[in-house]
Amino acid sequence: MTNPLLLDEQLCFPFYAISREITKRYRPLLDPLGLTYPQYLVMLVLWEEDEQSLKAVGERLHLDSGTLTPLLKKLEVSGLIRRIKNPTDERHIKITLTAEGRNLRQQAERIPLALKEVLGVSEEDLELVKQTLNRLTLKMNGTD
């Protein structure tokens, strides 16, 4: 019987290791845009659909408001987004891109292809991994 506490036996470790490696590979691609990886994820959500609620952005990224709010504040200070409070209920915040945030999208369009080149993995392998991880995420969130 194998030792269940061996690092190589842990399901969590490959996820942790690959997450760190992917984030490290994004850094030189995102630095010219002035974005961190988590900020890039927020921008991706807004580039897909502008003017979303804080709650919707958080749900899409699987982040709570305590984690998301500092990211949004930094993006707002950078001039890429605006946070607009609902005048009748200040708990409801709408997130919208500024012109600068919309324009940054053009520069960001090169990032997915550049990352694939940096990783040196076939399109088929990447798609298989992505599909598998998406299925696992759905199962873990009970939406499968």
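Bear in mind these aren't lab numbers, they're just calculated from the coordinates by the rules spelled out. Treat the numbers as computed from the prediction; the structure is a model and nothing was measured. Glycine also receives a Cβ, built like all others from the backbone with ideal geometry; neighbour counts cover every protein chain displayed.
Structure data summary
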{"read-out": "As computed over the chain, the Cα convex hull volume per residue (Å³)", "value": "157"}
{"read-out": "Added length on full extension, which subtracts the Cα-Cα distance from 0.36 nm per residue, residue 25 to residue 107", "value": "27.8 nm"}
{"read-out": "Contour excess over end-to-end distance, with Cα ends at residue 10 and residue 62 and 0.36 nm allotted per residue", "value": "16.4 nm"}
{"read-out": "Using a Förster distance of 22 Å, the FRET efficiency for residue 85-residue 141 (Cβ separation, nearest 0.05)", "value": "0.15"}
{"read-out": "Loop GluC sites (Glu not before Pro), the range 25-100, which have at most 14 other Cβ atoms in a 10 Å radius of their Cβ (DSSP)", "value": "49, 51"}
{"read-out": "Lysines whose Cα lies under 18 Å from that of residue 85, excluding same-chain neighbours fewer than 8 positions away", "value": "55, 73, 74, 94"}
{"read-out": "Theoretical FRET efficiency, 1/(1+(r/R0)^6), r = Cβ-Cβ of residue 2 and residue 132, R0 25 Å, to 0.05", "value": "0.60"}
{"read-out": "Fewest-first sequence of 98, 88 by Cβ atoms within 10 Å of each Cβ", "value": "88, 98"}
